[in-house]
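The values are calculated or read from the model by the stated rules, or taken from the named source; none is laboratory data. Please read all numbers here as calculations on a predicted model, not as lab measurements. Cβ placement follows ideal geometry from the backbone for every residue including glycine, while neighbour counts extend to all protein chains displayed. Only protein heavy atoms, including side chains, enter the accessible area calculation; ligands, DNA and RNA are left aside. Shrake-Rupley method; radii C 1.70, N 1.55, O 1.52, S 1.80 Å.
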Amino acid sequence: MTELDGVFRREWGPTVAAIARWSGDLTVAEDAVQEACADALRSWPRDGVPDNPGGWLLTAARNRARDRLRRETLRPGKELAAVVDDITARTDVSDPHPVRDDELRMMFTCAHPALERVSQLALTLRLVSGLTVAEIARALLHSEAAIGQRITRAKAKIRTANIPLRVPPAALLPERTPHVLSCIYSVFTEGYWSTAGPSAIRDELCDEGVRLAGELAILMPQEREANALAALVLLHDSRRLERMDSTGALVPLEEQDRTRWDAERISRGLSQLRRAAGSTGPYLPQAIIAALHATAPSWEDTDWRAICLAYDRLVTMTDSPVVLVNRALAIGLRDTPEAGLTALEKVAHDPRLSRSNLPATVRADLLRRAGRHGEAIDWYRTALSANGSDPGREFLRRRIAECEELL
């Protein structure tokens, strides 16, 4: 079952995007792919996983979608047959549009200006990346109910307003690019630091985030923020294999073996970073921070002064409370833990962080570094109560045990 789950997660986005493009209906596409996955669960354990599982799912989903379109239309039989046959025929027609990747096409499509930004993002992450409503809610710091309602309303608006499921002309792509960048980064982030489940890392989402960022940078070579995002995910991803040990336990950055980081990805990331020079968006300072970590010879030699400067620049571009929390940690490492705690206090009570365990985790870490182990234990326990990842919870328990030994 674990193997099949990985296949479904990997193939979900490409299959939904392809069926939506083929059928012109988001709900039909999502339902058809879900039914195809259910078909696979029944047949694959018995017959074996096919050599091309993505192709199998695409064919099954297309058949399911075709059946539904035939059932639901009110057109007479002959006219219906012509409509369905026309949809089928269009599958093989050469498309001259510059956005060739189906998932990128869907991301640009979901960025329609008639939809609110959060709805755009939630809908894209659900349809294209296959994230659950719970995962999207944690990523966007919203409740599950609110995200579910946004996705439902966005689908309904697309249907009732007859918003076409097509990518805008090439000249209009730049205005939708920020949405696509945000979606790609959210996909990668959920893979790189899974918010729930048995593993801290979801390789298929990391791989997809890196791939999509690279595709977008190629598609829009003049878009420097696309280069900045490509640099950011590559530099982070260079550490992926060292973020867990052989038992699946999390390994913090300061304890990782830097000789085992992926030098090729670091090189590619630095190359993308050079291309991003001059970008005025938020991904460039984040990529600079990642580059400073990737090139530091050791934890002790990390240039925290430069990292804090990059965070200062980032703060001028975004009001994200998550950025301010991470900046507080960097200040604590540059100056003193007490200085970091002072900076943290200015943002820790932001209501947008009410569903995040990040403030409690950072506070606990700074208290531990300050030698205030009793207080650190209390905050680690607070963070533990709000953490949904099994490896993340085990890491917090390890920190609690370390602090208890020092009391």
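Please report, ordered by residue number, the helices (runs of 4 or more DSSP H) entirely within region 309-390 with at least 3 residues that are closer than 23 Å to L292 by Cβ. Show your work before the answer.
On the way: elements: 321-334, 337-345, 358-369, 373-385.
Passing ranges, in order: 321-334, 337-345, 358-369.
Note on region 1-49: among residues that are touching a Lys or Arg at 6+ places or on another chain (Cβ under 8 Å), touching a residue at least 60 places away in the same chain (Cβ under 8 Å) and open to solvent by 30 Å² or more (accessible area, probe 1.4 Å), the one that is nearest to R126 (Cα to Cα) is R9.
Here are L219, L205: which of them is of a type in the set (A, V, I, L, M, F, W, C) and either surrounded by fewer than 22 Cβ atoms within 10 Å (Cβ to Cβ) or more than 30 Å from S385 (Cβ to Cβ) (or both)?
On the way: L205 fails: either surrounded by fewer than 22 Cβ atoms within 10 Å (Cβ to Cβ) or more than 30 Å from S385 (Cβ to Cβ) (or both).
Exactly one of L219, L205 is of a type in the set (A, V, I, L, M, F, W, C) and either surrounded by fewer than 22 Cβ atoms within 10 Å (Cβ to Cβ) or more than 30 Å from S385 (Cβ to Cβ) (or both), namely L219.
Among the residues of region 103-119, those that are in a helix (DSSP H, G or I) and over 17 Å from A29 (Cβ atoms) comprise R117, V118, S119.
Among the listed residues T88, T27, T73, which satisfies the condition of being at pLDDT 80 or above and on the phi < 0 side of the Ramachandran plot?
Working: T88 fails: at pLDDT 80 or above; T73 fails: at pLDDT 80 or above.
Going through T88, T27, T73 in turn, the sole match is T27.
S246 meets each of the listed conditions (1) out of contact with any helix residue (DSSP H, G or I) (no Cβ under 9 Å at 6 or more places or on another chain); (2) over 17 Å from I201 (Cβ atoms) apart from (2).
Table: residues versus (1) within 24 Å of A231 (Cα to Cα); (2) surrounded by 15 or more Cβ atoms within 10 Å (Cβ to Cβ); (3) of a type outside the set (K, R).
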residue	(1), (2), (3)
A296	yes, yes, yes
T316	yes, no, yes
V323	yes, yes, yes
E345	no, no, yes
P351	no, no, yes
A370	no, yes, yes
T382	no, yes, yes
G388	no, no, yes
A401	no, no, yes
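In a residue-by-residue description of region 185-197, the property of being of a type in the set (A, V, I, L, M), under 18 Å from the mean Cα position of the chain (by Cα), at pLDDT below 85 and surrounded by fewer than 19 Cβ atoms within 10 Å (Cβ to Cβ) applies to at least one position. All of Y283, Y311 fail the test of being touching a residue at least 40 places away in the same chain (Cβ under 8 Å) and either closer than 30 Å to A217 by Cβ or in contact with a Leu (Cβ under 7 Å, 6 or more places away or on another chain) (or both), apart from Y283.
Looking at region 50-70 only, could you name the residues that are part of a loop (DSSP other than H, G, I, E, B), open to solvent by 60 Å² or more (accessible area, probe 1.4 Å) and not acidic (D, E)? Don't jump to the end; show me each part of the working.
At the first step, the residues of region 50-70 found to be part of a loop (DSSP other than H, G, I, E, B) are 50-52.
If we keep only those that are open to solvent by 60 Å² or more (accessible area, probe 1.4 Å) too, we end up with 51-52.
The answer is N52, and nothing else.
Evaluating Y283 against the criteria (1) of a type in the set (F, W, Y); (2) surrounded by 15 or more Cβ atoms within 10 Å (Cβ to Cβ); (3) farther than 13 Å from A231 by Cα leaves one unmet condition, (3). Restricting attention to region 159-178, report how many residues are open to solvent by less than 20 Å² (accessible area, probe 1.4 Å) and outside any loop (DSSP other than H, G, I, E, B). The total comes to 2.
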